[in-house]
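Visitor: Okay, handing you the structure first.
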Amino acid sequence: MDQPVKFYQTGTFTVGNRLLGEGQRSVQADMERTNSLNSGHRACQGCGEALGARYAIDAAMRATGNRLIAVNATGCLEVFSTPYPETSWQIPWLHSLFGNAAAVASGVAAAQRALGRKDVRVIAQGGDGGTTDIGFGCLSGMFERNDDVLYICYDNEAYMNTGVQRSSATPPAARTATTPAVGALPGNVFGTGKNLPRIAMAHRIPYVATASVASLRDLERKVTDAMAIEGSRYIHIHVPCPLGWGSAPENTIKVARLAVESGLFPLFEARHGEVTSRTPIRRRVPVTEYLELQKRFAHLFGKSPDVERIAHIQAIADRNIAEFGLLS
Amino acid sequence: MLKQTEGSRAVAEAIALCRPQVICAYPITPQTHIVEALGEMVKEGGIAGCEFINVESEFAALSVAIGASAAGARSYTATSSQGLLFMAEAVYNAAGLGLPIVMTIGNRAIGAPINIWNDHSDSMSMRDAGWIQLYAETNQEALDLHIQAFRLAEELSCPVMVCMDGFILTHAYDRVDVPLQRDVDAYLPPFEPRQMLDPAEPVSIGAMVGPEAFTEVRYLSHHKQLRALRLIPDLAEAFRARFGRDSGGLIRSYRTEDAETIVVALGSVNGTVQEVVDEMRADGSRIGSVSICSFRPFPLAALRETLQAARRVVVLEKCLAVGLGGIVSDGVRKSLSGIVLNGYTVIAGLGGRAITRQSLRRLFEDAQRDELDQVTFLDLNADLVSHALDRESATRRTGPTAEALLRRLGTVASRIG
Amino acid sequence: MFQIRLHGRGGQGVVSGAEMLSVAAFLEGRYAQAFPSFGSERMGAPVMAFCRIDDKEIRLREPVLEPDALIVQDPTLLHQVELFSGLRPAGRVLINSTRSFDELGLSGLAQGPRGFVLCSLPATELALKHVGRAVPNAALLGGFAAVTGLVAIESVLAAIRQKFRGVVAEKNIEAAKEAYDLAVKMRESAHA
């Protein structure tokens with residue numbers, strides 16, 4: 001083709017690979033895809049994490065010629081993918097503990113070197129709880145050593161598997177079981193929380209990227225690019241959780257897209273601590289369009305909307321847009 | 001080859017001879033010299049095909065070992081005290097997954113109060129995690145046990161802790177015989193994992209197990225340790241055949257054949273105990289001692305056989321079951337189920353307090369006259385204790401207990417022993 | 001069994017001294033045990049190390065409570081720490097000092113009923129002279145060989161060579177040798 005074709009997934013997937021050259025097609029469209037995370041797992045209807053993991057791991061398998069080992073932290077992905085006595089993983093997979101996926105993966109990677117298996121690569125994966133909170137120490141250690149591991153964080157912004165408790169990735173004002181929508185300031189507190197992609201960048205590791213299940217090919221491309229790099233790499237994927245967010249299961253991709261288009265979840269890449277690319281917002285939306293679809297923000301709306309705090313959230317989005325230059 | 005070297009160094013040389021593939025290290029007194037020596041050896045190219053990783057915590061150290069072992073590499077780490085507690089979750093995890101990791105514990109007291117000196121509270125805290133626990137009496141045995149440990153771990157698919165007294169052994173210079181590489185190779189074959197993360201044959205390791213099978217999984221690990229009761233003496237015998245000396249095994253008896261009083265202990269204190277036994281034997285006492293090497297699995301049958309004819313058993317412990325008394329005593333008592341004899345628990349050496357010949361002599365003589373309490377704290381400073389108790393009953397705001405005791409004790413730097 | 005207790009302050013090489021002594025005995029085909037006893041890890045705090053030497057395996061693991069000999073690397077400890085606690089009759093005491101034991105206020109000890117044999121050697125000065133650092137342990141071991149005859153000076157020198165590397169080893173050896181000669185001379189003049 002002479003012209004690059006842009007496809008906008010505005011509600012259907014009928015526009016797709018038929019019009020693209022083979023090299024541009026999604027891994028998931030390939031009949032030979034590995035289905036690393038096979039069907040039969042027990043994820044909820046509309047689970048963003050299952051979607052993201054399937055795309056990410058299959059892309060990594062293609063990039064490595066099917067020479068991949070995955071280490072998984074405790075959490076939703078680990079639990080729904082291995083319901084006793086079954087497993088839906090078709091790749092070598094290890095679940096260790098909640099807080100040590102990064103360290104265990106470092107060990108697996110070290111073993112490959114010791115065993116002379118230079119082509120076998122390692123992915124560590126966990127949710128936001130296992131990454132930004134309890135797994136933070138081990139993650140920072142892995143980054144600092146520049147261990148050859150790609151760490152993927154599936155960020156659904158709370159400890160979902162244990163019943164929706166607040167993590168340091170939970171956004172301000174969001175209702176969780178431990179930041180209930182009661183009292184003078186319902187929901188999660190403002191002025192708290194960690195930005196893991198920025199923290200990863202501060203370690204100056206070779207590759208950091210954010211991705212979203214709203215842009216699945218972008219996600220595949222980022223994983224593929226990451227696997228071509230040696231050393232510590234980090235990809236932070238935004239994955240809506242219908243159960244925890246109180247959004248309709250069929251709206252998962254739509255909600256994820258609104259997060260990106262509002263500026264609340266910027267898509268960018270960074271290398272050795274410097275931002276190297278960002279995905280511009282095509283159609284900017286006010287944060288309310290995003291928040292309204294999720295019951296976890298319901299207390300901000302209704303008869304007397306919390307104008308002040310909605311404005312505060314809008315300010316966060318505005319700042320992201322300004323900082324990353326998302327409207328060019 | 002005979003060498004005069006630090007215990008830690010001897011252990012490091014033994015590990016190196018075992019051809020480890022991944023070593024991960026986090027510093028904590030008193031094990032640090034071991035991993036430092038290993039790090040140096042790896043960096044200088046002395047251990048082929050070995051990756052040495054400096055991790056950011058003990059939790060990370062064992063986690064790295066878990067990943068490496070699951071991926072089919074022979075893995076090793078070391079820790080003590082607080083570090084062992086910090087990795088506690090991973091300790092249980094490694095045993096539950098059946099990964100043959102070998103870990104040295106440089107035995108050190110657990111705080112609070114913070115204390116860097118030797119006792120057995122650290123390894124005792126993990127006694128039921130499913131690891132095999134071996135205690136070394138001397139630096140030679142510490143060196144030898146690591147070689148046996150790798151073979152034991154890999155044959156059973158069970159992690160092994162080799163415990164050696166911090167400072168007393170780790171930092172002591174002793175004469176040791178460091179084996180030759182070819183002899184270690186003959187004794188310890190290359191690692192052949194039961195399970196392995198391998199793209200050629202994918203498996204899922206670490207999945208959830210529900211009520212349907214959890215009991216069976218646990219039973220199998222129990223069964224594994226019972227098998228170890230046979231395997232440990234076998235491997236010690238094979239060791240003797242190859243290297244020409246007695247090291248390891250379940251227990252070691254010293255002059256117990258006709259003993260009326262038998263002292264049971266773990267680790268380096270056995271050396272001092274044996275000296276006192278000899279002194280007292282020379283004076284006509286019928287006394288002997290038993291050193292327990294394998295604490296897990298606990299050698300019930302072997303102990304029963306050795307202790308059953310005695311009149312009394314004195315269990316000398318460097319650990320404390322707070323509110324209860326002895327930990328080792330529990331196991332010893334269990335081994336004597338149905339047999340009536342006098343059993344005494346002596347808590348000694350906590351936090352590095354020296355256990356002297358003199359004190360032991362007095363203690364054993366009291367034992368012989370059956371003039372011991374059920375639980376005795378050896379060399380307890382009664383004045384210090386009653387002072388603290390008096391203060392507590394006199395006033396509410398007594399301040400931190402440890403600091404108050406130290407103030408009463410005065411400067412210790414000027415003291416000997 | 002011969003038991004030695006070494007006293008000093010952190011940073012003066014007390015522990016290394018005990019270790020080298022054990023190596024010297026090992027090189028003569030004997031069994032030896034050396035181990036430290038220290039408080040905190042900081043420099044300057046009183047430190048002890050122990051060494052046992054025997055012709056059979058040493059099983060004892062208690063601190064040396066009844067030494068046959070003392071090596072005192074820092075004379076400022078003299079009236080602060082109970083250095084002589086447990087010293088056996090006719091015990092040897094080697095003190096690192098430029099002053100004689102009279103000047104150190106120890107003549108009572110030397111002439112006392114227990115028959116201690118005291119010797120003071122300027123080990124720090126010798127170390128500064130040969131090595132350029134105020135670490136007196138090697139020199140004191142040289143003196144120790146002369147004072148006790150427990151190990152040969154050749155063994156001490158070989159042990160120093162094992163502990164230190166290259167030029168530093170040779171310099172420590174010079175200090176040890178001079179201390180040895182000095183101690184021999186002092187012993188001869190005392191008997192004269």
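Visitor: Tell me which of these B:Gly343 doesn't satisfy, since it passes every other one: (1) more than 14 Å from chain C (Cβ to nearest Cβ); (2) at pLDDT 95 or above; (3) assigned to a loop (DSSP other than H, G, I, E, B); (4) under 30 Å from B:Arg127 (Cα atoms).
Guide: (3)
Visitor: Another question, if that's okay. Of C:Glu103, C:Glu62, which residue is without any contact (Cβ under 8 Å) to a residue 12 or more places away in the chain and within 23 Å of B:Asn115 (Cα to Cα)?
Guide: Of the residues listed, the single one that is without any contact (Cβ under 8 Å) to a residue 12 or more places away in the chain and within 23 Å of B:Asn115 (Cα to Cα) is C:Glu62.
Visitor: Can you confirm whether segment B:275-284 contains a residue that is buried (at least 22 other Cβ atoms within 10 Å of the Cβ), assigned to a helix (DSSP H, G or I) and at pLDDT 95 or above?
Guide: The answer is yes; a qualifying residue exists.
Visitor: Something else about it: Does C:Gly17 satisfy the condition of being in a helix (DSSP H, G or I), of a type outside the set (A, V, I, L, M) and more than 9 Å from chain B (Cβ to nearest Cβ)?
Guide: So C:Gly17 fits the description; yes.
Visitor: Considering only residues of segment B:261-283 that are in contact with a helix residue (DSSP H, G or I) (Cβ under 7 Å, 6 or more places away or on another chain) and among the polar types (S, T, N, Q), which is nearest to the other protein chains (Cβ to nearest Cβ)?
Guide: Once the filter is applied, the top-ranked residue is B:Thr272.
Visitor: Still on this structure: Among the residues of segment C:101-115, is any at pLDDT 95 or above, outside any helix (DSSP H, G or I) and crowded, with 22+ Cβ neighbours inside 10 Å?
Guide: No, segment C:101-115 has no match at all.
Visitor: Take the residues of segment A:113-145 that are within 20 Å of the chain's Cα centre (by Cα) and part of a loop (DSSP other than H, G, I, E, B): which is surrounded by the fewest Cβ atoms within 10 Å (Cβ to Cβ)?
Guide: Applying the filter and picking the extreme gives A:Ile134.
Visitor: Give the residues of segment A:146-181 that are within 14 Å of chain B (Cβ to nearest Cβ), charged (D, E, K, R) and crowded, with 23+ Cβ neighbours inside 10 Å, sorted by residue number.
Guide: Correct list: A:Asp147 only.
Visitor: Under 6 Å by Cβ, and 6 or more places apart or on different chains, what pairs join a residue from segment B:16-40 that is free of Cβ contacts under 8 Å to residues at least 60 places away in the same chain and more than 17 Å from B:Pro179 (Cβ to Cβ) with one that is crowded, with 24+ Cβ neighbours inside 10 Å and among the acidic types (Asp, Glu)?
Guide: B:Val22/B:Glu51; B:Tyr26/B:Glu58
Visitor: Another question, if that's okay. For segment A:42-49, state whether one or more residues are at pLDDT 95 or above, buried (at least 21 other Cβ atoms within 10 Å of the Cβ) and outside any helix (DSSP H, G or I).
Guide: There is at least one residue in segment A:42-49 that is at pLDDT 95 or above, buried (at least 21 other Cβ atoms within 10 Å of the Cβ) and outside any helix (DSSP H, G or I).
Visitor: Being modelled with pLDDT of 95 or more and closer than 18 Å to B:His146 by Cβ, is that true of even one residue in segment B:25-33?
Guide: No, because not a single residue in segment B:25-33 is modelled with pLDDT of 95 or more and closer than 18 Å to B:His146 by Cβ.
Visitor: Continuing with this model, one more query. If the requirement is being farther than 26 Å from B:Ala71 by Cα and either within 11 Å of chain A (Cβ to nearest Cβ) or in contact (Cβ under 8 Å) with a residue 12 or more places away in the chain (or both), which of these qualifies: B:Phe191, B:Phe239?
Guide: B:Phe239
Visitor: Ok, one more. Using the structure shown, decide if C:Met43 is more than 14 Å from C:Lys163 (Cβ to Cβ), facing chain B (nearest Cβ under 10 Å) and either surrounded by fewer than 24 Cβ atoms within 10 Å (Cβ to Cβ) or not basic (Lys, Arg) (or both).
Guide: Here the answer is no, as C:Met43 does not meet what is asked.
Visitor: Being in contact (Cβ under 8 Å) with a residue 24 or more places away in the chain, within 28 Å of A:Ile123 (Cα to Cα) and in contact with a Gly (Cβ under 8 Å, 6 or more places away or on another chain) narrows it down to one of B:Tyr76, B:Tyr92, so name that one.
Guide: Testing whether each residue is in contact (Cβ under 8 Å) with a residue 24 or more places away in the chain, within 28 Å of A:Ile123 (Cα to Cα) and in contact with a Gly (Cβ under 8 Å, 6 or more places away or on another chain) leaves just B:Tyr92.
Visitor: Restricting to segment B:197-236, name every residue that is surrounded by 11 or more Cβ atoms within 10 Å (Cβ to Cβ) and closer than 30 Å to A:Val120 by Cα.
Guide: Result: B:Leu197, B:Asp198, B:Pro199, B:Pro202, B:Val203, B:Ser204, B:Ile205, B:Gly206, B:Ala207, B:Met208, B:Val209.
The values are calculated or read from the model by the stated rules, or taken from the named source; none is laboratory data. All of these numbers come straight from a predicted model, not from anything done at the bench. Positions of Cβ are generated from backbone atoms using ideal geometry, with glycine treated the same way; all protein chains shown enter the neighbour counts.
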